[in-house]
Every structure is written in structure tokens, then in C-alpha cells.
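Just below is one structure, and these are the notes that go with it.
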Amino acid sequence: MNDTSTQTRTVIVEREIAHPAEKVWRALTQQHLIEEWLMKNDFQPVVGHRFKLRGEWGGVLDCEVLAVELHRKLSYTWDHAHEDAAYDLRSVVTLTLTPTSTGTHLRMEQSGFRPDQTLAYNGARHGWEGFASALETVLARID
């Protein structure tokens, strides 16, 4: 019998973006730009920095920066405390930028969904697609 209680699922959204990695990086790390494509925040691209993401639905995510590799990789915790264990999410978001001949390959990954968190997992799959589209809109607008 396999113990599935320790197995987690990961949401991955990938996009080819027709902008250089430096520009994409700015949109991923500057507070006012993050607010436009993701959520209100007090983010700083410094390992160990604790910050909050505030959703339009009123929810607050507690986050901590885990990794910063300039123009290449950004990783942070994405935790949503909830009294109902099925909604109590402890996850990690990793954004990876890879330069391409036409711009940047962006990989958005959120890992740590427990098997009993189907609703949160499906919500994240839908949410990251929307975030990626919003990010592309922001990138098209900024210099």
C-alpha cells in the first residue's frame, strides 16, 4: 500500500513571451507592476523577505522569498492559512526565465498541493493562466 499523504501536485504554466528577460524580470519584481498582474503586495526581491499578497477576494497570502537569481529565477512561499485543512495551503511558487531567440520562455510553477486539495489545485491552474495573460498585457504596455 502506498502512502499518498506525502505526495503533492504541481501546477505549471509556460509561456513564450516576446520581451527580453530583463523586462519580464521587472514585471515580476516591482511592487506596482506585480499589483497589476497578480495582487497587491509589499514584495522585495531579497531572499528571506517576508511579504503579503492581498487578493481582490479579501484573502491574504503569507509569503517569503526563497531564491533570487537576477533575470533568471524567483521563488517564494505561497501560504494561505485556513481553519479548514482542505483549504490550508502551504506551497512554493517558482518563476523561471529562459532567454530565447524571440524573447523569453517563462515557466510559472506552484508546488505543494496535497491530494485532498483538488479545489485549490484546479483554482491555481486557472489562476496562473489568468496571471500569465495579465502579465503579458502589462509587458506590452511598459517600456
Flagged pairs (Cβ under 7 angstrom, 6 or more apart or on separate chains; first in the range 128-141, over 8 Å from W37 (Cα atoms); second of a type in the set (K, R) and part of a helix (DSSP H, G or I)) are L139/K23
Q. Being closer than 21 Å to A120 by Cα and not in a loop (DSSP other than H, G, I, E, B), is that true of even one residue in the range 43-50?
A. no
The residue that is surrounded by the most Cβ atoms within 10 Å (Cβ to Cβ), considering only those in the range 10-60 that are under 30 Å from P115 (Cβ atoms) and of a type in the set (D, E, K, R), is R15
Residue hits (the range 99-127; in contact (Cβ under 8 Å) with a residue 12 or more places away in the chain, over 14 Å from L28 (Cα atoms) and among the hydroxyl-bearing types (S, T, Y)) are T100, T102, S111, Y121
Counting only residues in the range 71-124 that are under 11 Å from the mean Cα position of the chain (by Cα) and of a type in the set (F, W, Y), the one surrounded by the fewest Cβ atoms within 10 Å (Cβ to Cβ) is identified as W78
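Here, each number is a calculation from the coordinates, and none is a lab measurement. All values derive from a computational prediction rather than experimental measurement. As a convention, Cβ positions derive from the backbone with ideal geometry for all residues, glycine included, and neighbour counts pool all protein chains shown.
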